[in-house]
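Input: a single structure, listed below in structure tokens.
The values are calculated or read from the model by the stated rules, or taken from the named source; none is laboratory data. This structure is a prediction, so every number in the text was calculated from the model and none was measured. Heads up, the Cβs are rebuilt from the backbone with ideal geometry, glycines too, and the neighbour counts pull from every protein chain shown. Calculation scope for accessible area: heavy atoms of the full protein, side chains included, ligands and nucleic acids excluded. Shrake-Rupley method; radii C 1.70, N 1.55, O 1.52, S 1.80 Å.
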Amino acid sequence: MLLNMLMLSALPAMALAEGTTATTTTTNTASTTTASKVPSVSSLQLQVRSAVLIEPTTGQVLLSVNADQPLPPASMTKMMTEYLIADMVKKGKFKWDDVVTVGDNASKTIGSRIFLDANDQHTVEELYIAMAVGSANDATVALAEYAAGSEQEFVKLMNETAKKFGMKTAHFINSTGLDRADMPEKYRPSAEGETVMSAMDAAILGKHIVQDHPDFSKYTAIQSYKFRPRDKNPIINWNWMLEANKDIPNFKAYAYPGLDGLKTGHTNNAGNCFTGTAERDGMRLISVVMGTKSEAQRFTETRKVLDYGFNNFEIKQAVAGKSKVEGLDSVEVKKGVKTSVGVVTDAPVSFMVPKGSDAKGVTFKTQLEPADKLVAPIKQGTKVGTITYTYKADGIEKPQTKTVNLITSDEVEKGSWLRLFFRAIKEMFGDLFDGIKNLF
């Protein structure tokens, strides 16, 4: 009851800004089910500047609207800050209960904030929650400075990480997503430009968050958080779509089954943005919408995007792990007790398919290591090449590809010199016999 009352009272205030050997064949040709036709993306009539929907384990793009256009992401920028802080904790650089002393830059940061003063002290975790739940710009800057010594040194890490992740358009000038003009003047970067990030880049970043830090929802799904005991009201999560909000009067119309993150954003230049993620029946999707006209619209448009994915697609395994490859039962081994060894795939292969259908019509190409590299002794599980599977699904514009390793199914011990000697003699006489036979 108290949480409901607090959320009711907090809602009007949310209008504030946030800061060598190749083989090709076809397998899985039989299908017993037929999927209904996937509707076009245009039928959704999305009211956004850009949008994208991906499935993170396959990396498959299910929906794309101007997804590669660099745009101001506002507080969705904080997803990179969240990723890096969580990663530093994971790697032992510091701990969640370490105490951070707030500096001048953080205390002067405006927009969505928790009104930190210089020399205030709070734990890393307290500041992280304020950032993830309340999108607090001052808490974000305090964490960035604690992690890297200064916000601009932290920004270097952000941009380096973006490149490592393959985010093609992302460029950060601060840890928060604030426009340059809204940063404290003394702490603005010398280089020109603003923070930009495409919807696709935001989705890629979201993918790394959910895969590298699978406990992300411990923070992103918090509905409210009282930062200081003296605070009259708690911080309310800007994400109205949290599944947990289904019983909150002002939010239940937006609550979405399985949704537990990730980050909202708003500035005048960016409009309203939201990177969302939800999981249903074991499948997680990541959606991004950018540039809606209102706070509510970023959630109603996200619902359209997520519904499009969950209603029309599912993951189907096309190839099981440790599977044999048609036409490639074994590879030759030199200097071994055996002259060949079996080959299997090292991992299962799955694709996104229209709901109710099977992954049929999968093709593959193999690429083997040079023969002179396969010399005994060879351990079981040794990589001997790769295999790339390709699948074109109805309703998905581009073919899907997945590459896995080819590995040995058994071990091969090194042959004794006597065994190898007699094998060489046998091969010599075999070659001689074949040569004489070919004369006639």
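Please determine, by comparing only the residues of region 100-140 that are on the phi > 0 side of the Ramachandran plot and small (Gly, Ala, Ser), which one is most open to solvent (accessible area, probe 1.4 Å).
The residue in question is GLY111.
Could you list all residues from region 191-201 that are more than 28 Å from the chain's Cα centre (by Cα) and either more than 13 Å from VAL155 (Cα to Cα) or open to solvent by less than 50 Å² (accessible area, probe 1.4 Å) (or both)?
Scanning region 191-201 gives a single hit, GLU192.
Hey, any hits in region 150-162 for a residue that's of a type in the set (Gly, Ala, Ser), at pLDDT 95 or above and under 26 Å from the mean Cα position of the chain (by Cα)?
Yes, that holds for at least one residue.
Test ASP247 against the criterion of being open to solvent by 30 Å² or more (accessible area, probe 1.4 Å) and more than 19 Å from the chain's Cα centre (by Cα), and give yes or no.
So ASP247 fits the description; yes.
This table checks each residue for (1) in contact with a strand residue (DSSP E or B) (Cβ under 9 Å, 6 or more places away or on another chain); (2) not hydroxyl-bearing (Ser, Thr, Tyr).
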| site | (1), (2) |
| --- | --- |
| THR169 | yes, no |
| GLU192 | no, yes |
| SER198 | yes, no |
| GLY206 | yes, yes |
| ILE209 | yes, yes |
| PHE216 | yes, yes |
| TYR225 | yes, no |
| ASN250 | no, yes |
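Looking at this structure, is PHE216 more than 29 Å from PRO56 (Cβ to Cβ) and modelled with pLDDT of 95 or more?
Criteria not met by PHE216.
Given the condition at pLDDT below 95, under 24 Å from MET131 (Cα atoms) and touching a strand residue (DSSP E or B) at 6+ places or on another chain (Cβ under 7 Å), answer yes or no: does some residue in region 26-44 qualify?
Checked against the condition, which is being at pLDDT below 95, under 24 Å from MET131 (Cα atoms) and touching a strand residue (DSSP E or B) at 6+ places or on another chain (Cβ under 7 Å), region 26-44 yields no hits at all.
What pairs can you find where one residue is in region 293-316 and over 19 Å from ALA67 (Cβ atoms) and modelled with pLDDT of 95 or more, the other is in a helix (DSSP H, G or I) and of a type outside the set (Gly, Ala, Ser), and their Cβ atoms are less than 7 Å apart, with a gap of 6+ or different chains?
Once the first residue is over 19 Å from ALA67 (Cβ atoms) and modelled with pLDDT of 95 or more and sits in region 293-316, its partners that are in a helix (DSSP H, G or I) and of a type outside the set (Gly, Ala, Ser) give GLU295/MET14.
In region 393-424, which residue that is of a type in the set (Lys, Arg) and outside any loop (DSSP other than H, G, I, E, B) is modelled with the highest pLDDT? Lay out the reasoning, then the answer.
Step one: list which residues in region 393-424 are of a type in the set (Lys, Arg), which gives 398, 402, 414, 419, 423.
Next cut, outside any loop (DSSP other than H, G, I, E, B) only: 402, 414, 419, 423.
Values: LYS402: 92, LYS414: 67, ARG419: 50, ARG423: 47.
Per the stated criteria, the residue is LYS402.
Residues to consider are GLU369, GLU397; find the one that is crowded, with 16+ Cβ neighbours inside 10 Å and of a type outside the set (A, V, I, L, M, F, W, C). Let's see the steps before the verdict.
Working: GLU397 fails: crowded, with 16+ Cβ neighbours inside 10 Å.
Among GLU369, GLU397, only GLU369 is crowded, with 16+ Cβ neighbours inside 10 Å and of a type outside the set (A, V, I, L, M, F, W, C).
Quick one: in region 202-229, which of the residues that are part of a loop (DSSP other than H, G, I, E, B) and not charged (D, E, K, R) is surrounded by the fewest Cβ atoms within 10 Å (Cβ to Cβ)? Talk me through it step by step, then tell me what you get.
Looking only at region 202-229, we keep the residues that are part of a loop (DSSP other than H, G, I, E, B), and these are 213-216, 221-223, 226-229.
Then keep just the ones that are not charged (D, E, K, R); that gives 213-214, 216, 221-223, 227, 229.
On the way: HIS213: 17, PRO214: 9, PHE216: 22, ALA221: 19, ILE222: 19, GLN223: 18, PHE227: 21, PRO229: 5.
For region 202-229, the residue satisfying everything is PRO229.
Output the residues belonging to region 276-334 that are among the polar types (S, T, N, Q) and open to solvent by less than 10 Å² (accessible area, probe 1.4 Å).
If the condition is that a residue be among the polar types (S, T, N, Q) and open to solvent by less than 10 Å² (accessible area, probe 1.4 Å), then THR277, SER287, THR292, THR302 are the ones that fit.
Could you list all residues from region 113-135 that are farther than 21 Å from PRO189 by Cβ and either part of a strand (DSSP E or B) or touching a Leu at 6+ places or on another chain (Cβ under 8 Å) (or both)?
Result: GLN121, HIS122, THR123, VAL124, LEU127, TYR128.
Which ones in region 165-190 are more than 20 Å from HIS266 (Cβ to Cβ), more than 29 Å from the chain's Cα centre (by Cα) and assigned to a helix (DSSP H, G or I)?
Hits for region 165-190 are GLU185, LYS186, TYR187.
Among the listed residues ASP97, ASP87, identify the single one that is open to solvent by 10 Å² or more (accessible area, probe 1.4 Å) and part of a loop (DSSP other than H, G, I, E, B). Step through it out loud before you land on a result.
On the way: ASP87 fails: part of a loop (DSSP other than H, G, I, E, B).
From the options ASP97, ASP87, the qualifying one is ASP97.
When region 313-348 is examined, which residues are found to be assigned to a loop (DSSP other than H, G, I, E, B) and acidic (Asp, Glu)?
As a first pass, look at region 313-348 and keep what is assigned to a loop (DSSP other than H, G, I, E, B): 320-323, 326-327, 329, 333, 335, 337-339, 346-348.
Answer for region 313-348, where residues must be assigned to a loop (DSSP other than H, G, I, E, B) and acidic (Asp, Glu): GLU326, ASP329, ASP346.
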